[in-house]
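Notes follow once the structure below has been shown.
The values are calculated or read from the model by the stated rules, or taken from the named source; none is laboratory data. Since the model is a prediction, treat every value here as computed from it, not as a measurement. No Cβ is skipped: glycine too gets one built from the backbone with ideal geometry, and neighbour counts run over all protein chains shown.
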Amino acid sequence: MKCSHCSKPAIIDLRYAGRCYCKDHFCRLTWRRFKKTVNDNKLFERGQKVAIAVSGGKDSAVCLYLMKDLVQPLKLELSAITVDEGIKQTEKSVLETTKKFCKEMDVEQKVVTFKKGFGKTMDEIAAKNKANAPCYYCGVLRRHLLNKTAREMGADVIATGHNLDDEAQAILMNFMRGNSLRLFRIGPKVGIKAYGKFVARVKPLRLIPERESAVFALCNEIWEYNRRDCPYVTQSFRDSLRSHLNKLEAQFPGTKIAIVNTFDEMKKGSAKDVPPPKPCPKCGELTSSNICKTCKILEAIL
Ligand code: SF4
């Protein structure tokens, strides 16, 4: 199998594009997609402080690696935030991997923990609360901690490693659950500055499929395949959807990008209808409900 752009051997076949890529052309393609997402959506302004959510996985490693190339032209100041949820099976590898990687990338890292932030580890929360899958609690609490930490660090924006698969899954999940408010908040940039307490969150890898993020990370030696997955992942709705979507993509290449592109087109005419958030009466963080989701979870689990 040869690269569609030169005579070198191909390392990846992108069936949805009908093209094969050698290492060089593939890395250039990934960079172009990253750059396009950043430019088209004006994700960063010159001189901003950007906190990157570094989790120990391939996507956040790719995000930080690519973001380094924007430091000089945009005069960005990068730092990293790692949330330690307190999941025994993964925490040692997450902390070791992220610490080493941030050092290699010469980026200051701040580690925050569920235990310190909420008084309980994710393992403790999962053991005592069976009403919802562990990911339900984990996702809300992690977003809360990331936002609070980034704000305390004086960051203007948080960059996360969400890839195309994550985005397609989120769109379908909210659609299938009838959650139109959350659905229409999905996009390359959320949490606008005008709402004060929200630090804007951006997703520069939004157009890069998960498989390509992994191949890019391996090509650039910034991540090692690690089988120590979170023990709770298989309990989530998202995981079921992920495996169905992967089957669909294998049978009908281009399904994931079509979901995200169609959603973006639909959203253009509807974004104005999303009501602005207001302060939660309990913690003061912003929410679109009467009480924010973090406070509701803390009430239920503490
Ligand atoms: Fe948290 Fe679920 Fe991710 Fe595990 S798989 S780290 S419980 S969100």
Fill in the blank from the handout: Sole miss for Val202 among (1) farther than 25 Å from Met266 by Cβ; (2) touching a Lys or Arg at 6+ places or on another chain (Cβ under 6 Å) is condition (1)
Exercise for the section: Please give the number of the condition Ala133 fails out of (1) within 10 Å of the ligand (Cβ to nearest atom); (2) at pLDDT 95 or above. Expected result: (2)
Practice task
Report yes if Glu265 is at pLDDT below 95, assigned to a helix (DSSP H, G or I) and farther than 29 Å from Thr294 by Cβ, otherwise no.
Solution key: yes
Handout entry: Boolean, Thr113 is β-branched (Val, Ile, Thr), within 25 Å of Ala155 (Cα to Cα), crowded, with 19+ Cβ neighbours inside 10 Å and within 16 Å of the ligand (Cβ to nearest atom)
Key = no
Practice task
Give the number of residues within region 123-139 that are of a type in the set (A, V, I, L, M, F, W, C) and in a loop (DSSP other than H, G, I, E, B).
Solution key: 2
Handout entry: Search result, residues across region 52-66 that are on the phi < 0 side of the Ramachandran plot and either in a loop (DSSP other than H, G, I, E, B) or without any contact (Cβ under 8 Å) to a residue 24 or more places away in the chain (or both)
Key = Val54, Ser55, Gly57
Exercise for the section: Determine which single condition Pro253 fails, assuming it passes every other condition in (1) within 29 Å of Leu66 (Cβ to Cβ); (2) outside any helix (DSSP H, G or I); (3) at pLDDT below 95. Expected result: (3)
Fill in the blank from the handout: All-but-one check, Arg142 against (1) within 13 Å of the ligand (Cβ to nearest atom); (2) in a loop (DSSP other than H, G, I, E, B), failing number (2)
Exercise for the section: Identify all residues within region 67-79 that are in contact with a strand residue (DSSP E or B) (Cβ under 9 Å, 6 or more places away or on another chain), free of Cβ contacts under 8 Å to residues at least 60 places away in the same chain and not in a helix (DSSP H, G or I); write none if there are none. Expected result: Leu76, Glu77, Leu78
Practice task
Test Ile171 against the criterion of being closer than 15 Å to Leu245 by Cβ, among the β-branched types (Val, Ile, Thr) and surrounded by 15 or more Cβ atoms within 10 Å (Cβ to Cβ), and give yes or no.
Solution key: yes
